[in-house]
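The values are calculated or read from the model by the stated rules, or taken from the named source; none is laboratory data. Note that the coordinates shown come from a computational prediction; the quantities given were computed from them, not determined experimentally. A quick note on method: Cβ atoms are made from the backbone with ideal geometry, for glycine too, and the neighbour counts reach across all protein chains shown.
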Amino acid sequence: MECENIKVDYQNTPEKFRQAAEEALSFLVEHLRELNAIQTECTQLALYAQRGIRIPKKPKDEKGIWELFKSSYGKALSSFCSKELMARGYANCMCHEDTDAAKKRGEKEKIYCEYGYLSSGCQLFVTMKSPKRVIVEAFFEDAGGFLPTRHKLTLTYADGWQVTDKRRKGQSMEKWRKDSM
């Protein structure tokens with residue numbers, strides 16, 4: 001898989017699984033980018049609503065925007081995540097914006113989303129030791145370039161790839177913690 005700003009390491013994947021690992025990774029990145037787009041759109045709608053700007057055919061208040069976010073995000077997740085993973089929760093927060101700090105630096109307002117690192121830059125470590133399971137570990141700087149953070153996503157194959165587990169580990173954390181999507 002070739003993507004700008006993403007470095008992929010297949011060192012822990014035997015050559016015989018490399019093609020399958022690439023397919024699983026492409027599948028995952030495509031779906032995470034879709035989630036990122038939903039987060040970005042809904043966060044932008046919330047910012048507009050706070051400023052009194054109304055977008056035709058879009059929710060006009062915070063409650064409506066959250067309902068749109070939850071339903072759109074849930075629909076996207078259901079196409080590639082296991083029910084068990086979704087039961088942990090999802091769409092718990094939208095993105096956060098860097099408005100004031102960006103203005104002070106003379107920069108444009110930035111919106112940081114959960115999977116924005118797929119555009120801003122990250123390292124992905126892919127481990128596949130069997131044809132039915134892939135672990136993708138993402139290492140990235142947290143929103144705004146602050147703390148190094150890691151996500152670990154497990155994909156399993158049964159009539160197609162599906163994300164079955166997600167974990168998070170911050171710089172100060174010794175152990176992986178279960179995370180929601």
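Can you pull out every residue in the range 49-65 that is assigned to a helix (DSSP H, G or I), in contact with a helix residue (DSSP H, G or I) (Cβ under 8 Å, 6 or more places away or on another chain) and surrounded by 13 or more Cβ atoms within 10 Å (Cβ to Cβ)?
Of everything in the range 49-65, those that are assigned to a helix (DSSP H, G or I), in contact with a helix residue (DSSP H, G or I) (Cβ under 8 Å, 6 or more places away or on another chain) and surrounded by 13 or more Cβ atoms within 10 Å (Cβ to Cβ) turn out to be ALA49, ILE65.
Among helices (runs of 4 or more DSSP H) lying entirely in the range 72-181, which contain 2 or more residues that are modelled with pLDDT under 75?
Fully inside the range 72-181 and qualifying: 100-104.
Name every residue in the range 147-171 that is among the hydroxyl-bearing types (Ser, Thr, Tyr) and in contact (Cβ under 8 Å) with a residue 24 or more places away in the chain, in order of residue number.
Correct list: THR156, TYR157, THR164.
So which residues in the range 45-91 are on the phi > 0 side of the Ramachandran plot and under 16 Å from the mean Cα position of the chain (by Cα)?
GLY89, ALA91
For the range 1-46, give me each residue that is acidic (Asp, Glu) and farther than 30 Å from ASP61 by Cα.
Let us first name the residues in the range 1-46 that are acidic (Asp, Glu), namely 2, 4, 9, 15, 22-23, 30, 34, 41.
GLU2, GLU4, ASP9, GLU15, GLU22, GLU23, listed by residue number.
Determine which member of the set ALA24, ALA46 is surrounded by 14 or more Cβ atoms within 10 Å (Cβ to Cβ), of a type in the set (A, V, I, L, M) and either modelled with pLDDT of 95 or more or within 21 Å of PHE140 (Cα to Cα) (or both).
Selected residue: ALA24, the only one of ALA24, ALA46 that is surrounded by 14 or more Cβ atoms within 10 Å (Cβ to Cβ), of a type in the set (A, V, I, L, M) and either modelled with pLDDT of 95 or more or within 21 Å of PHE140 (Cα to Cα) (or both).
Filter the range 1-21 down to the residues that are surrounded by fewer than 18 Cβ atoms within 10 Å (Cβ to Cβ) and assigned to a loop (DSSP other than H, G, I, E, B) and list them by number.
Once the filter is applied, which keeps residues that are surrounded by fewer than 18 Cβ atoms within 10 Å (Cβ to Cβ) and assigned to a loop (DSSP other than H, G, I, E, B), the range 1-21 yields MET1, GLU2, CYS3, GLU4, ASN5, PRO14.
Only one of (1) exposed (fewer than 15 other Cβ atoms within 10 Å of the Cβ); (2) assigned to a helix (DSSP H, G or I) is not met by LEU32, so which one is it?
(1)
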